Amino acid sequence: EPSREPIDVTGLHGSAHACLLATLRQALPEETAALCVLPSQTEARKLHHDLVTFGLGAAGFYPLLPDILGEGATDTRKILRAERIEASDMLQRGGTVVTSIHALAQIIPPVESVRENTVHLSVGETHDFTQTVAVLTRVGYRRVDTVELKGEFAVRGGIMDVFPLTHERPVRFEFFGDEIESIRRFDETTQRSTADLKTVTLLPPREFVLTEEARTNWLVRTNEQYAENPSHKLRAAIESLTEELFETGTLSDVEEHYPYLFPDGKPLAASLPEGTLIYANEPRWMERELTRFFEKLTVLAEDARSEGRVSVAPEAAFVDYETTLAAMRRLPMIRAAMSGVEDGGGERIAFGTQPIVEQKGNLQRFLAGVETWTAEGYSVTVVSESSSASDQMKEVLQDHELMAPNVALHTGWLSEGFESEALRQVVIPQDAVFGTQHRSTQRQSRMRDGRPLLSLVDMQEGDYVVHVTHGIGKYVGIRRMEMGGEQHDFLTIQYSGADTLHIPTYNINLIEKYIGPRGEKGVALDRLGGVSWGKVKSRVKKSVEDLAEELLKLYAERDAAPGRAFAPDTTWQKEFEAAFPFDETPDQLTAIDDVKEDLERARPMDRLICGDVGYGKTEVAMRAVFKVVMDGGQAAILVPTTVLAQQHFHTLRDRFREFPVQTRMLSRLTTPEDSKLALEGLEKGTVDVVVGTHRLLSKDIEFRSLGLLVIDEEHRFGVKQKERLRQLKKQVDTVTLTATPIPRTLHMAMTGVRDLTVITTPPENRLPIDTQVMAYSPDMVREAIQRELSRDGQVFFVHNRVQGIESIAQNIRGIVPQARVAVAHGQMAERALEDVMLRFIRHEYDVLVCTTIIESGLDIPNVNTILVNRADALGLAQLYQLRGRVGRSDRRAYGYLFYPEDRVMTEESQKRLRVIEEFTELGSGFKIALHDMEIRGAGNLLGPEQHGHIAAVGYDLYCKLLENAIAERKGEPVLEEIDTKITLPVSAFLPDEYVADGAAKMALYKKMAAMDGSEGRAELEAEMRDRYGALPKSARALLDIALVKSRASRMGIVAITVNKDRLRVDFDEQRTDVDPERILALMQQRPQVRMAPPASLICSMGSIATHDVFAVTFDILEALAPEGGVEVVADDAA
C-alpha cells in the first residue's frame, strides 16, 4: 500500500531478497515501477540474475556508465548502453529495474530523450521510407553495407536491416514503397530470416541525441573548468576533443561528458516516475560506498588533469548521498538490512531465513543434507545453470535414491541459497554443492556456433590466387564485360607479363587464395599458356602420392594395432562431470563424446583437439583422464613448461579432490623426494595421474598400466621428444591439445588422416581481446596498467630477454608507483619462480614482468591486460598464444603490442603485427595458423621437400592433391573439377544496386559455384530474396547458369553454347561418363538432335524465347544423365 514511511525488513539471506521482490511485484499494479538499489554494481548484478531465476524475466538492469569502478562484468560500452536504455524505458512503463547507488546518483540526460527518440514500426503501417532512414541516422544508428553488430542498420532497395542494442537478434523490414509488407528477425551470422514479427520497437542506441546546443554547452563548460592555468598537454587535449565533437558530431567516450552536454540533467534518483517503489538493500553500506566513490573520483580527476586528460568535475557528474536519499524518500520505500536500520521508519518485519552452508565440493555432505531436509518435510529446490547440469544433478540424486516428490530441479542462476523454516523450504544453487561460483554476473548472451574451418580464408583484391589449370596469379577484382552481346561478371586474374585471365563467376570454385611462403619480392606469377605450371603440378602430385602412401600406412598400422577398450561411464564419472562449474559449449560436448567413443574402442586413439585459447580443451582431457582412471588405467599429461605443469597439477588435484584419484607432478620444480615417490607410485600403480614436462619422456619412468597420454601443444617439444612421443602413441590412447595448429597437423587433419575434433564455439560471455599495435610509450603503459588496476585486475608485461628484465620492472614501478610489481623468467631458481607465480595467482602482485614463460596454457582469469615489449621480435604463433593469456573471464581484455619507436621493422615483422591486430575475433586461431604459413613458410614442419611443394602450388591446392591421392589409394572416387564454359544468350550478373557490397557478392558467387541441384538453387534464391528482395532477371539467370555448369561439369561436359538457333554440347572424351546409348536414344527420340565430330552434340532449337533456353538446356542434360543423375528443374526456377 502507498506509504511515505519506509518499511524495514530484516533476516533475508542470499537470494531470499529476490524471492520477496518477485512476490511483491505480483502484488504491485502493472503501471507501478519498482527500483532495487544496492551498495555496489556487483551486488546489483547478482540480484538481477536472482530475480530472473525467481520468475522476473523482464527485470532490467541500470549500470554505471562509464564503468569507473570496473565492477561490471564487462566494460564494453555497447552492452552497458543497451542495458541503461532498456532499463530507462522499463521504469517509465512500470517495470522492475535493479541498479547500484553509484548509478542512482549519476547525472543523466533528460529521461524523456529515450521515449522521444523511440521508433515503433508494425506490419501494414505506412512510414515514409526515406524519412525513416533519416530518423535512424539522427538517433545514432550507424549505416553499413551488412548488419553484423548492434547499433548498425543497412538499406538495400526496399529492405532495411536494423540491429537494436536492446535485441538479441537484428530485424529486417521489407517495404513496398512506404508500406511495411513484412518484419522478420534474422541471424546476423547467416543473414537469413528466422521468424516473422508483427511489430517492433526500436529504442535509440544512445540515451540522447546530440544537438548543436549540447555541443556548445560542452565547449563552454569544459573551458570554464580548465580556465585556470591549463597545461600545454591539457589545452591540446581540449582542442582534439573539440575537433572530434564538431567534426564527427560525437565523442568516442561521450558518456563521460553527459553533465557538460546537458547542464539541466538530473540524477536518476530524481527522474523516477511518481509512485515508484524503492527497495534499498543496506542503506548504511550505500552511504559508505558513495562517500568512498567520491574520494576515488576526486583522485581520478586530479590524475587526469596532471596527465593532460579532459574529465568532468566529480561534483558535476554525481550528487552526494544526502541528495540521493532525499530524492528516494519522496517515494514509497522498503529498506532491507541484515540487522535493521538506525533511524526510525514505519513497520518492521523480520524474516527468519538462514544462509546455506557451502558444501565446498563435498557431495556426500550435500546428499546427507537433502536426505535430512526431505525427512523433516522441507521442499528442496536445486538450481542449476543449464539444462545439461540439471540433468547431471538429476542422475546423481537418482543414483542415491533421493529424487523424492519434494525435491525439485530448476534451471537458472542464483548468487546464494537460503533456508526458510517458516516456509519449510530450502533453495540451493548447484555451485554451492560443488564449490566456488564461476558464473558470469553479466547479461547472458546466446551461445554462438563457431564458424566452419574451411570458410575462413577470405579473398580480397590484390591477393595471390591459384587457378587449378593456369597456376599462380593475382586477383585484381570483379569486372563486368560483354560476351555474345550480353552482360556478365568476371573475376580478373593478372598473370606474368601483361597476361590477364577473366573467369566467369560461376567458375569461382576453380580458384583459391594462395596460402604459402612469400619471398622478399612476393610470389612468382605463372605465365598463361606456359608449360611450367603443368610440370610443377606433376612434380608435386608425385610427391604427395608418396606421402599419401606413408600416411595411410601409419594410419592402417594404428587401426590394426591392439588397444584397450575402456568401460562405459560410471556413476562417479557422472558426479565428476556434474561438478564442472561452467556450462559446456556444444563443441566441447562433441569433443567429449568423440574422445569417450575412441576410449571405448579396442584400438589406440590418436585424436587431435583443436580449439582456440581458453575454449575448454583442458576439461575435455580431464574427463578422459578420469574415465581411464575409473577403469584402472593410469594417465600422463605432458606439458611444455614447468609453470603450466604446476597449474595443471593444482587444477587436477582440485577437481579430483572428492574422488580416490592419486595425482603427482614431475618437473624441475619437483623435489628429489617427491620425484622418487612419484616414480615408485607410477611403477606400482598407486599413482593414477602424473602431470609433467619432458621429464615424463625419460627412459627411467615405468608405468604399471598407462592407458592415456595427453599432450598439450606438441609443437613446443623438440625433435627427440617428438620421436619418443611417436613410439608411445603406437601403444596407448593419445589426445593432443593445440590452440594454433601447426601446418602439418592442420593438413593431416583436413585430409582425414588423423582423427580431429575442432572446438570453435566460444565460452558464453567471452569477449574478443581489444588489440592495439603501437610504438612503445611510457604514457600508454601507465594508462593501460592504471585502467586494469582501477577494476582490481592484474597485468602481464612481457619482455622476452632475461638481460635487462629487472630494469624494465624498476621502470614500471616508477611509472605506476601504486602497482605491486614482480619478475618471472625461466632462469630463476626453481623455488623462487614457483613462489612468484603462486603469489601472483593469489593476487599478491598486480603486475608480472616476465618472459614468454607464460605463453602456454597459463590460466589466471583476473589478468585482463597484457603488454608485450618488442612484439616485432616474436613469432605470430607466440604472439597469439601470449595474447590468449588474457580474456579468460567475461571482462573485456586488452592487448598492447609495442615495437621500438626508433627502429625500422622488417616487412615480415610488420605483417605479423598486422595479422595479430586484425584477428581479434573469437576463434581466430585457424586464420592465424594459415597466415603464419604465408609469413614464414612451412619451415621444417613438413620437412624441406614438402615445404618446397607447398611454396610451388599453395597450401590449398597442395591439400587437395594430397586428399585426392589418399582417396585414390583407398579406392574412393575422385571427382576432378572440369572448367565447363557456358555461353548462353542471357545477361547474368548481380547488379550493384541489388548487391552493393563486394565481399557479399563474392560470398554469393562462391555459394552459386558450390550449390548442388535444384534444391540448392531454390535455397540460395530464397536466401537472396530474403536478404536483398526480389531477384532481378540477370541474378536469376546467373543462378540458372551456375546450375547448368554444376550438372555439366559432373557429366564431363567442357562447354555448352547457344548460338542463334543451335545448342551445342562439347564432351571431354577422356572424362565424360555419359552413356553413348543415352545419346543414341536421344537422337532417335528427337530428330533435331545430332552428333558432330569429335565429341559434340548439336540440338536445333528454332526460334524460341530467351527464357526457354534454360528449359531446353536442362531437358537435354536430363536426357543424357545417368539414371537419377540429374533431376528435372522446377519450371518457376527455369
task: Within segment 988-998, identify whether any single residue is surrounded by 19 or more Cβ atoms within 10 Å (Cβ to Cβ) and either over 35 Å from the mean Cα position of the chain (by Cα) or not assigned by TED's automatic domain parsing to the domain that holds Val1109 (or both), and answer yes or no.
output: yes
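Can you tell me how many residues in segment 556-595 are part of a helix (DSSP H, G or I) and within 12 Å of Leu708 (Cα to Cα)? So that I can check it myself, show each step before the final result.
Taking segment 556-595 first, the residues part of a helix (DSSP H, G or I) are 556-560, 571-578, 586-595.
Of the ones still in play, those that are also within 12 Å of Leu708 (Cα to Cα) are 595.
The qualifying residues number 1.
Yes or no: segment 1040-1056 includes at least one residue that is touching a Lys or Arg at 6+ places or on another chain (Cβ under 6 Å) and buried (at least 23 other Cβ atoms within 10 Å of the Cβ). Even if it seems obvious, please write down each step before you answer.
From segment 1040-1056, those touching a Lys or Arg at 6+ places or on another chain (Cβ under 6 Å) are 1043, 1052, 1055; that's our starting set.
Next cut, buried (at least 23 other Cβ atoms within 10 Å of the Cβ) only: 1043.
Checked segment 1040-1056: at least one residue is touching a Lys or Arg at 6+ places or on another chain (Cβ under 6 Å) and buried (at least 23 other Cβ atoms within 10 Å of the Cβ).
In segment 1049-1075, what residues are among the acidic types (Asp, Glu) and either farther than 18 Å from Val1089 by Cα or touching a residue at least 60 places away in the same chain (Cβ under 8 Å) (or both)? Break it down into steps so the answer makes sense when it comes.
Let us first name the residues in segment 1049-1075 that are among the acidic types (Asp, Glu), namely 1061, 1066, 1068-1069, 1073, 1075.
Hits for segment 1049-1075 are Asp1068, Glu1069, Asp1073.
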query: Restricting attention to segment 281-303, does a residue exist that is in contact with a Leu (Cβ under 6 Å, 6 or more places away or on another chain) and over 22 Å from Thr42 (Cα atoms)?
result: no
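Here's a check for you: in segment 51-60, which residue that is at pLDDT 90 or above and under 13 Å from Trp413 (Cβ atoms) is surrounded by the fewest Cβ atoms within 10 Å (Cβ to Cβ)?
Going residue by residue through segment 51-60, those that are at pLDDT 90 or above are 51-54, 59-60.
Of the ones still in play, those that are also under 13 Å from Trp413 (Cβ atoms) are 51-54, 59.
Numbers: Leu51: 26, Val52: 20, Thr53: 22, Phe54: 24, Ala59: 25.
Among those residues, the one meeting the criterion is Val52.
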query: Do we find a residue being in contact with a Ser or Thr (Cβ under 9 Å, 6 or more places away or on another chain), of a type in the set (Ser, Thr, Tyr) and surrounded by fewer than 21 Cβ atoms within 10 Å (Cβ to Cβ) anywhere in segment 562-580?
result: no
Options Arg292, Arg309: the member that is among the basic types (Lys, Arg) and surrounded by 14 or more Cβ atoms within 10 Å (Cβ to Cβ): Arg309
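Can you tell me which residue among Ile805, Ile769 is at pLDDT 90 or above and buried (at least 17 other Cβ atoms within 10 Å of the Cβ)? Don't jump to the end; show me each part of the working.
Values: Ile769 fails: at pLDDT 90 or above.
Going through Ile805, Ile769 in turn, just one is at pLDDT 90 or above and buried (at least 17 other Cβ atoms within 10 Å of the Cβ): Ile805.
Against the condition farther than 24 Å from Val319 by Cα, at pLDDT below 90, surrounded by fewer than 22 Cβ atoms within 10 Å (Cβ to Cβ) and not polar (S, T, N, Q), how does Leu69 come out, does it pass?
Details: farther than 24 Å from Val319 by Cα: no; at pLDDT below 90: yes; surrounded by fewer than 22 Cβ atoms within 10 Å (Cβ to Cβ): yes; not polar (S, T, N, Q): yes.
Here the answer is no, as Leu69 does not meet what is asked.
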message: If I ask for residues that are closer than 22 Å to Gly94 by Cα and outside any strand (DSSP E or B), which ones from segment 288-333 would you list?
response: Thr324, Leu325, Ala326, Ala327, Met328, Arg329, Arg330, Leu331, Pro332
query: Between a first residue in segment 403-415 that is within 16 Å of Phe434 (Cα to Cα) and a second residue that is of a type in the set (Lys, Arg) and surrounded by 18 or more Cβ atoms within 10 Å (Cβ to Cβ), which pairs have beta carbons less than 7 Å apart while being 6 or more apart in sequence or on different chains?
result: Trp413/Arg439; Ser415/Lys46
message: Name the residue that is farthest from the chain's Cα centre (by Cα), counting only residues in segment 377-400 that are modelled with pLDDT under 90 and assigned to a loop (DSSP other than H, G, I, E, B).
response: His400
query: Inside segment 460-513, can you point out the residues that are under 22 Å from Ser1049 (Cβ atoms) and outside any strand (DSSP E or B)?
result: Val468, Thr469, His470, Gly484, Thr505, Tyr506, Asn507, Ile508, Asn509, Leu510
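Return the residue satisfying two criteria in turn: it lies in segment 121-148 and is in contact with a Phe, Trp or Tyr (Cβ under 7 Å, 6 or more places away or on another chain), touching a residue at least 60 places away in the same chain (Cβ under 8 Å) and of a type in the set (A, V, I, L, M), and of such residues it is farthest from Phe173 (Cα to Cα). Write out each step before concluding.
The first filter runs over segment 121-148 and keeps only residues in contact with a Phe, Trp or Tyr (Cβ under 7 Å, 6 or more places away or on another chain), leaving 121, 129, 136, 141, 143, 147.
Adding the requirement that they be touching a residue at least 60 places away in the same chain (Cβ under 8 Å) leaves 121, 136, 141.
The next check asks that each one be of a type in the set (A, V, I, L, M); those that pass are 121, 136.
Values: Leu121: 9, Leu136: 13 Å.
Looking at residues that are in contact with a Phe, Trp or Tyr (Cβ under 7 Å, 6 or more places away or on another chain), touching a residue at least 60 places away in the same chain (Cβ under 8 Å) and of a type in the set (A, V, I, L, M), I get Leu136.
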Matching residues, segment 263-287, being surrounded by 15 or more Cβ atoms within 10 Å (Cβ to Cβ), out of contact with any strand residue (DSSP E or B) (no Cβ under 8 Å at 6 or more places or on another chain) and part of a loop (DSSP other than H, G, I, E, B): Pro273
query: Within segment 783-798, how many residues turn out to be assigned to a helix (DSSP H, G or I) and over 11 Å from Leu867 (Cα atoms)?
result: 6
message: Every residue in segment 811-833 that is surrounded by 13 or more Cβ atoms within 10 Å (Cβ to Cβ) and over 12 Å from Ile853 (Cα atoms), please.
response: Asn811, Ile812, Arg813, Ile815, Val816, Ala819, Arg820, Val821, Ala822, Glu830
- prompt: Conditions: (1) assigned by TED's automatic domain parsing to the domain that holds Gly633; (2) more than 38 Å from the chain's Cα centre (by Cα). Thr500 meets all but one. Number of the miss?
  reply: (1)
field: Check on Ile1079, touching a residue at least 60 places away in the same chain (Cβ under 8 Å), out of contact with any Asp or Glu (no Cβ under 6 Å at 6 or more places or on another chain) and assigned by TED's automatic domain parsing to the domain that holds Ile1116
entry: no
task: State whether the residues of segment 635-643 include one that is buried (at least 21 other Cβ atoms within 10 Å of the Cβ), in contact with a His (Cβ under 9 Å, 6 or more places away or on another chain), in a strand (DSSP E or B) and modelled with pLDDT of 90 or more.
output: yes
Matching entry among Leu1080, Leu1117 (being modelled with pLDDT of 90 or more, touching a helix residue (DSSP H, G or I) at 6+ places or on another chain (Cβ under 7 Å) and of a type in the set (A, V, I, L, M)): Leu1117
message: Going residue by residue through segment 301-321, is there one that turns out to be of a type in the set (Asp, Glu) and touching a helix residue (DSSP H, G or I) at 6+ places or on another chain (Cβ under 6 Å)?
response: no
- request: Among the residues of segment 1017-1048, write down those that are part of a helix (DSSP H, G or I) and free of Cβ contacts under 8 Å to residues at least 12 places away in the same chain.
  value: Glu1019, Ala1022, Arg1025
- line: Within segment 596-634, the residues that are of a type in the set (D, E, K, R), part of a strand (DSSP E or B) and either in contact with a Ser or Thr (Cβ under 6 Å, 6 or more places away or on another chain) or without any contact (Cβ under 8 Å) to a residue 40 or more places away in the chain (or both) are Asp606
field: Restricting segment 156-191 to residues that are farther than 19 Å from Glu125 by Cβ and hydroxyl-bearing (Ser, Thr, Tyr), the residue that is farthest from the chain's Cα centre (by Cα)
entry: Thr166
Candidate set from segment 170-182 (those that are in contact (Cβ under 8 Å) with a residue 40 or more places away in the chain, closer than 23 Å to Asp997 by Cβ and not charged (D, E, K, R)); member that is surrounded by the fewest Cβ atoms within 10 Å (Cβ to Cβ): Ser182
message: Filter segment 19-32 down to the residues that are of a type outside the set (S, T, N, Q) and free of Cβ contacts under 8 Å to residues at least 40 places away in the same chain and list them by number.
response: Ala22, Ala27
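The values are calculated or read from the model by the stated rules, or taken from the named source; none is laboratory data. Here the structure is a predicted model, which means the values were calculated and not measured. Neighbour counts are summed over all protein chains in view; Cβ atoms, including those assigned to glycine, are modelled from backbone coordinates with ideal geometry.
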